[in-house]
Amino acid sequence: MTVTISHMSTLRSSAVGDWEACGDAFYSRELLYDMMWEDTDLDSKRVCCSPFGGPIAVVRDERQMVVITSGGSVRPIIRTFAASGRLLGSHVWDKGRIIGWGWSASLDLVVVDEQGRVVVLSMHSEKLREFGMGSAAESLGICQAVVFGDGVVVLTGLGPVGRQVWAATSLSSPRPMPLAALPKVAATAGVLEDACIAVLEPHLTASSGLEVLLGTSEGIWMLDDLTCRLQTIPAGSLSHSQGASNAATEAAAVVAASEAVLHLAVSPDGAFIAAYTRDARIHVFSSDLTKHLSEFDTKAEGRPLRLQWCGSDGVAVQWPELLLLVGPFGDHASWPLTGEAVWMVPEVDGLRLVSGTRHEILRRLPQSLSDIFKPGSTSPSAMLWEGRDLYEQRSARADRVLRGMSAEELQSAVAACIEAAGLDLNPSRQKALLRAACFGAAFCPRSGVKQDLSDSLSESQTPSDVSTTSLYTCCSKLRILNALREPRPGMPLTLPQLDVLSLAVVVARLVSYREWLLAFRIAGTLPHHAASRNTLAVMTAPPGAAAPSVPCSQGSAMLPSGTSPREQVLLQWACAKISATSSASLSDMELKDQVSAKLKACPGIHFAPLAAHAQAIGRRRLALKLLDEETSCSLQVPLLLSLRSGLTAPLSSGGLSSAIRSPSGTGAGSGDLASEESDEDGDVQLKALRKAIESGDTDLVYLVLFSIYKSRSLQDFWAIVSSRTLAKNLFLKFCRSREPELLETILTVNNQTVDLAEQQLRRTLSQYTAAYLSRSASESALTKLVSGLSDVAAKYGVSKEHAFQSKAVSEFSLLRREQAKLERETGQHMFVGLSLIDTVRACIRLGHHRQAASLKKQFSISDKRFYWLKILTLCEEKSWEELDMFASERKSPIGWEPFLQLAKKHAAPRDVQSRIIAKMPDNITKAEMFTAIGCTREAAEVAAKIRDSDLFAKIQGLVPATSPAGLAIAQIREKFQASFR
């Protein structure tokens, strides 16, 4: 009878075949890659692997005797590979012996030599920068070095004060600083001879500061920038072979052996520290070393090669032929190793194993996978897998399996299959798990939402909606993960690693790998606001570099805000395209067309960063052509000006002061090239000015104006500016407030006499006013003022249309002179700055009537105007005697009504008003005015003189007949009786 084995059964068998039990958990060792590199024997190499599926660096181990073949390099060669073994680059190491190296968080290879020199290389082995670890490291040398996320820690050689620990916590701006000093006994003795170092990064510590662990023969020293403390290792059980006679001696030896630390390792989450001691025990502490959590006796005789964490709940110890894994409760599992060297790389969810031929991952099997594939499992997810298997075999038992599950079990089974698919590394099993999830989701009820399936789902969603959303999310992530695990990118990430790293950082790392298409496609799945996190950077690579090295955790201020992730990837690609050596043979127009064609995928993308990059590598014309595509004037104009100022000398009055030489020194004559560059330079400046004016941004216009002013002669500058109204007005406004002398020079050169007169008038007045306010005005200042005003009047006089301005300035000069004279005579600083009228009134107010009359005569003030001014001033000052005297001097040219009107307004006494009325001619109005102020007798006399009997009778009726006024009026009537007949 032939037994048919289904495809899903085969997949289950293949999954279980890689498992190894460790207590209640299972650990799987799965193949990631068959390494692509050739002739790479790791037995004689030093290997440095980056976490999160990052690149691998390999160099010849100088501590071993190696046969150098014919044609081989004597100097060590650092080669960098992707995790699949694909060669990324190589670098000939020309420094001292390598003491330590490692990968930074931004995927830069950091190498430390014995003299304390730190060299930072990109993942493509291009040298980025170099710095030292301080004078102590240079003089004493380095014996240990550890590279962490964004810094370096070194242990110096033995000096007068012992060994010291120095740290640089930033690779971009390194400032090496010593940590707390070790006790002199420990620092100078042989305690630190074989010390091992581990680092707790600042984001993993409670103090947010760097902490360094030193494993020594005394125990574990913990250092930070201020403190230093020792944590001894507790002794384990005494040797089972000791006798009663020498028990004390062997017990002391066991204690000493337990304190000697050979290896240290910090868990990926920074919560635990593992230590391997000389007595073959593994100790686990809390990160602050205050709690001793567990101890495991390996009973091994030889010293292990390496100690690493497998996730955060297992510790792996490697010997040449054995890999031992110890679980959290003392459970352990082991795997034999072949004769080739194996290097361990800790990950957040497992441990990667790199050898010369294979790249594997050892990890604790997720519970969802264990529930499905464990033999004999009866979990709901395993039943759903079985139901899908039976359905594919067209068996009726599939319906029976589904009916045997409750609604809650079916929902949890679907969620478990989706979770297992995301955690599995085999694409075939992923598809089978997703098919099983889809199979179960079709039978999920439409009510009774299970809220724990997705935290982001609303209460109105049904289990079917939950399954659909989870399936979509899982499929999207699996497509990304499977694409990343291909040998070409060579980035074997798992789902937990992707969640820790984030998609934005993955895109940035792909840009560093120069996997542009995949980075562009994944960037399309990121939300637009992810650009604000600055996880990508468009940076200018140094000339000759193939592409920029992009830190995955830092951004760049070069990109405008709101740039989408896809746009950032395109700009990265374009910068690399411009810098590539293959682009050197292309003309600027061809290269610009190629770049523009690709960038059309993102409408509205900015070309200014590309132009800046092209300028930095010396392709000026390409930068100009790229700037023609830029739509933002605020980005375009400054770059246009930098293209001019960075590559040409300032212009003299005759144009460019010097010619630009050909880079090669051959070919076309330097004079022709200088002329061509000069023409382009003028076009660049005029284009920048035109763009700035079109934008309406006055700051941009000022920026361009100042650039043109510095580079051209004054006459050429004004010829450009004067024809552009906005630019001219802005520059004139600036000159009036900041550079009046410059404005006068411009107006003089261009023969603009009237404008020059206006400017000189403002400057002359402001200078004299400043001198006057500071009480430093003197005859010389007055002379200078008068001279300046005379010059201004002469300039106005050139134009017949400005004859009035010329006369006004002349009179103003005379007025200032008279005001200064008044201040000298009166000793009061109050006249300068007043108008002519105010000056006359001030003289009258102070009683200087002669000076007021003199001003009247000099400035031809009319009698009527002068009378009005003097009457008004005297009335305001209530100088009634002066008013009487002035009224008695001569006949008033304005009549007497103004005298009386202003006197009444300012409440003059009745006798003053009476005397003013008396000077008026006899008429009815005069009689009424007398009556209004209560002078009935005088009013009656006026009525009698004008022989108005009715008015006289009216006035007589206003007072009692027996009063003195009534008797006086009666006498007047008798006197003028004949006139009334």
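Accessible surface calculations at 1.4 Å, restricted to protein heavy atoms, place the stretch 830-882 at 51 Å² per residue. Taken over the stretch 24-149, the percentage of Cα pairs per 10 Å bin, counting from 0 up to the bin with the maximum distance, is 12, 41, 32, 12, 4, 0. At the residue level, residue 742 shows approximately 30 square angstrom of accessible surface with a 1.4 angstrom probe and all protein chains present. Evaluating 6.51 cos²θ - 1.76 cosθ + 1.60 at θ = phi - 60° for every residue in the stretch 794-804, the Karplus couplings come out as 5, 5, 5, x, 5, 9, 5, 6, 10, 5, 4 Hz, glycine and proline recorded as x. Note that the stretch 715-728 has calculated 3J(HN,Hα) couplings of 5, 5, 4, 5, 5, 6, 6, 5, 8, 10, 4, 4, 5, 5 Hz, one per residue in order, obtained from phi through the Karplus relation 6.51 cos²θ - 1.76 cosθ + 1.60 (θ = phi - 60°); glycine and proline are x.
Sort 93, 868 from largest to smallest accessible area, using a 1.4 Å probe on the heavy atoms of the protein chains.
Details: 93 5, 868 110 Å².
The most accessible residue leads, giving 868, 93.
Expressed as a whole percent, the accessible surface of the stretch 681-750 that belongs to carbon and sulfur atoms is 48, based on a 1.4 Å probe. Annotation: residue 99 carries an accessible surface of approximately 30 Å², with a 1.4 Å probe and no ligand, DNA or RNA atoms counted.
For the stretch 681-750, the per residue solvent-accessible surface stands at 49 Å², with DNA, RNA and ligands left out and a 1.4 Å probe. For the stretch 365-444, carbon and sulfur atoms together expose 49% of the accessible surface, with a 1.4 angstrom probe and every protein chain in place.
Legend: distances between Cα atoms for 878/926; 299/374; 891/926; 954/975; 878/919; pairs beyond 26 Å are 299/374. In terms of its Cα atoms, the stretch 681-750 spans 29, 23, 18 Å along the principal axes, sorted from long to short. Global size of the stretch 711-769: 11.6, 35 Å for Rg and Dmax (C-alpha atoms, Rg to one decimal, Dmax whole).
Rg and Dmax, both from the Cα atoms of the stretch 1-62 and both in Å, are 18.9, 64. Sequence neighbours fewer than 8 away in the same chain don't count; with that in mind, list the lysines whose C-alpha is under 25 Å from residue 687. Cross-link targets: 592, 600, 625, 710, 728, 733.
Around residue 208, what is the net charge, scoring Lys/Arg as +1 and Asp/Glu as -1 over all other residues with Cβ under 11 Å from its Cβ?
With Lys, Arg at +1 and Asp, Glu at -1, the net is -3.
The residues 18, 34, 224, 39, sorted by heavy-atom accessible surface at 1.4 Å with ligands and nucleic acids left out, run 39, 34, 18, 224 from largest to smallest. Take the Cα of residue 10, step 7 Å toward its Cβ, do the same at residue 850, and the gap between the two points is 13.1 nm.
For residue 47, the solvent-accessible surface with a 1.4 Å probe is about 10 Å², rounded to the nearest 10. Straight-line reach from residue 477: which lysines have a Cα under 17 Å away, not including same-chain ones fewer than 8 places off? Once the sequence-local lysines are set aside, what remains near residue 477 is 431. Amide hydrogen proximity for residue 86: with H placed 1.01 Å from N in the peptide plane, the residues at 5 or more positions away or on another chain lying under 5 Å are 36. For residue 32, the amide hydrogen comes within under 5 Å of the amide hydrogens of 359, 360, 361, counting only partners 5 or more places away or on other chains and with H modelled in the peptide plane. Considering all C-alpha pairs of the stretch 365-444, those separated by over 21 Å amount to 16%. Taking amide H positions as modeled 1.01 Å from N, with prolines and chain starts lacking one, the residues under 5 Å from residue 211 and 5 or more places away or on another chain are 200.
The values are calculated or read from the model by the stated rules, or taken from the named source; none is laboratory data. In this text the structure is predicted, and so the values were computed from the model without any measurement. Quick reminder, even Gly has a Cβ in these numbers, built from the backbone with ideal geometry, and neighbours come from all protein chains shown. Accessible surface areas use protein heavy atoms only, side chains included; no ligands, DNA or RNA. Shrake-Rupley method; radii C 1.70, N 1.55, O 1.52, S 1.80 Å.
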